[in-house]
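For reference, the structure is listed below as structure tokens.
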Amino acid sequence: ELSPEEQQFNDLIAADSRIEPRDWMPEAYRKSLVRQISQHAHSEIIGMQPESNWITRAPSLKRKAILIAKVQDEAGHGLYLYSAAQTLGTSRDDMTDALIAGKARYSSIFNYPTPTWADMGSIGWLVDGAAICNQVPLCRASYGPYGRAMVRICKEESFHQRQGFEILLELMQGTEAQRQMAQESVNRWYWPALMMFGPPDDDSPNSAQSMKWKIKRHSNDELRQRFVNMLVPQAAVLGVTLPDPDLRWNDETQMYDLGEIDWTEFHEVLAGRGPANAQRLQRRRDAHDEGRWVREAAAAYAVKIAARKKN
Ligand code: 3HC
């Protein structure tokens, strides 16, 4: 026999309505949202590092300005998402402490290095392109604060994706050396970008329940397929080759058949043994230590303001 609150929750989900912070919700729903939204926020913050590696070395003032704007956007995305997670009762300190302690997940994709400028193009075109495929459906997530954060984030992501595509297009219309740099970068980022969508559907423990709760609207494989279908014609415009020899159009399914993804690599990266996991965490820890004085000053200032209001 369902309690009236549980019935009300189920009715809201069934009617495709929003669950708001003050609504009753099953503890498991709350827990899974804190899990996903905090990981999403961590991804945005760690995701600033690969690109910030090129802010001081961008090839022109225009590229430098665009890259600074993009990295700044990602900090903002992290802020919206940490705030959305806090409406579920977790605190910013708890989430930050978990990340600093190496106990929190963040997207596997940010554990890869960015050795060339072309990586700024591949990250925009492939990583932000994949992020858009994953985030547009999340605008309709049943939890209000999460869905609404996604609407704002998706608007900014499309600029991120466009500028990445444009960097690669410019390189592919450049010298032979620039064309090779672009192709070599796409070769490194293509498969890790497909892994961003998560494990195959038959190995995705959270999907079934997440889809029942209308948090996840499409399965991992469905979104991965949608991304590749979108990518192939864009690769043709760029003149780059996607590094999957088994990629081919399937007339029957009207979709592209993909080659095998190396899930061992995926699990290695998730276990902290990716190419740049240690460096990313260390940089985040250093930033936390270097920023301690700002947090202390802000807290002291807040106490002063509160005391002044009282008198
Ligand atoms: N990186 C790290 N961990 C991953 C992962 C990835 N690419 N894909 C899956 N996982 C983890 C899951 O978190 C889960 O572990 P957990 O139970 O400890 O959380 C486990 O692997 C099994 O995966 P499931 O498919 O069962 O998990 P989900 O149902 O949560 O699906 C997801 C995974 C599709 C990533 C989902 O969590 C999601 O949509 N998250 C929000 C989107 C997100 O985080 N995107 C990161 C993009 S980065 C970004 O947006 C920055 C951009 O601006 C550049």
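The values are calculated or read from the model by the stated rules, or taken from the named source; none is laboratory data. Quantities reported herein were computed from a predicted structural model and do not represent experimental measurements. Every residue, glycine among them, receives a Cβ derived from its backbone with ideal geometry; neighbour counts consider all protein chains shown. Calculation scope for accessible area: heavy atoms of the full protein, side chains included, ligands and nucleic acids excluded. Shrake-Rupley method; radii C 1.70, N 1.55, O 1.52, S 1.80 Å.
Filtering segment 107-137 to residues that are hydrophobic (A, V, I, L, M, F, W, C), near the ligand (Cβ under 9 Å from one of its atoms) and open to solvent by 10 Å² or more (accessible area, probe 1.4 Å) leaves Phe110, Ala131, Ile132. Within segment 68-86, restricting attention to residues that are polar (S, T, N, Q) and under 12 Å from Ser38 (Cα atoms), the residue that is farthest from the chain's Cα centre (by Cα) is Gln86. Checked against the criterion of being buried (at least 18 other Cβ atoms within 10 Å of the Cβ), touching a Ser or Thr at 6+ places or on another chain (Cβ under 9 Å) and under 30 Å from Met172 (Cβ atoms), segment 204-218 has no qualifying residue.
Of the residues making up segment 33-77, just one is away from the ligand (no atom under 15 Å from the Cβ) and buried (at least 19 other Cβ atoms within 10 Å of the Cβ), namely Arg63.
Going by the structure shown, is Gly89 over 15 Å from the mean Cα position of the chain (by Cα), open to solvent by 40 Å² or more (accessible area, probe 1.4 Å) and within 14 Å of the ligand (Cβ to nearest atom)? Answer is no for this residue.
Could you tell me whether any residue of segment 146-160 is of a type outside the set (Lys, Arg), farther than 21 Å from Phe266 by Cα, open to solvent by 10 Å² or more (accessible area, probe 1.4 Å) and within 9 Å of the ligand (Cβ to nearest atom)? Scanning segment 146-160 turns up at least one residue that is of a type outside the set (Lys, Arg), farther than 21 Å from Phe266 by Cα, open to solvent by 10 Å² or more (accessible area, probe 1.4 Å) and within 9 Å of the ligand (Cβ to nearest atom).
Can we say Ile167 is more than 12 Å from the ligand (Cβ to nearest atom), of a type outside the set (Lys, Arg), assigned to a helix (DSSP H, G or I) and out of contact with any Asp or Glu (no Cβ under 8 Å at 6 or more places or on another chain)? Against the criterion (more than 12 Å from the ligand (Cβ to nearest atom), of a type outside the set (Lys, Arg), assigned to a helix (DSSP H, G or I) and out of contact with any Asp or Glu (no Cβ under 8 Å at 6 or more places or on another chain)), Ile167 qualifies. For segment 1-106, the helices (runs of 4 or more DSSP H) that sit wholly inside it and include 2 or more residues that are touching a residue at least 12 places away in the same chain (Cβ under 8 Å), aliphatic (A, V, I, L, M) and in contact with a His (Cβ under 7 Å, 6 or more places away or on another chain) are 92-100. Among the residues of segment 171-181, those identified as in a helix (DSSP H, G or I) and either within 16 Å of the ligand (Cβ to nearest atom) or open to solvent by 50 Å² or more (accessible area, probe 1.4 Å) (or both) are Glu176, Ala177, Gln178, Arg179, Gln180, Met181.
Of the set (1) assigned to a helix (DSSP H, G or I); (2) open to solvent by 10 Å² or more (accessible area, probe 1.4 Å), all apply to Trp189 but (2). Scan segment 182-218 for residues that are over 30 Å from Asn10 (Cβ atoms) and either at pLDDT below 95 or more than 6 Å from the ligand (Cβ to nearest atom) (or both) and the total you get is 13.
Looking for something free of Cβ contacts under 8 Å to residues at least 12 places away in the same chain and of a type in the set (D, E, K, R) - is there at least one such residue anywhere in segment 223-233? Outline the logic, then answer.
Pass one, segment 223-233, residues free of Cβ contacts under 8 Å to residues at least 12 places away in the same chain: 233.
Remaining after also requiring of a type in the set (D, E, K, R): none.
So far as segment 223-233 goes, no, none of its residues is free of Cβ contacts under 8 Å to residues at least 12 places away in the same chain and of a type in the set (D, E, K, R).
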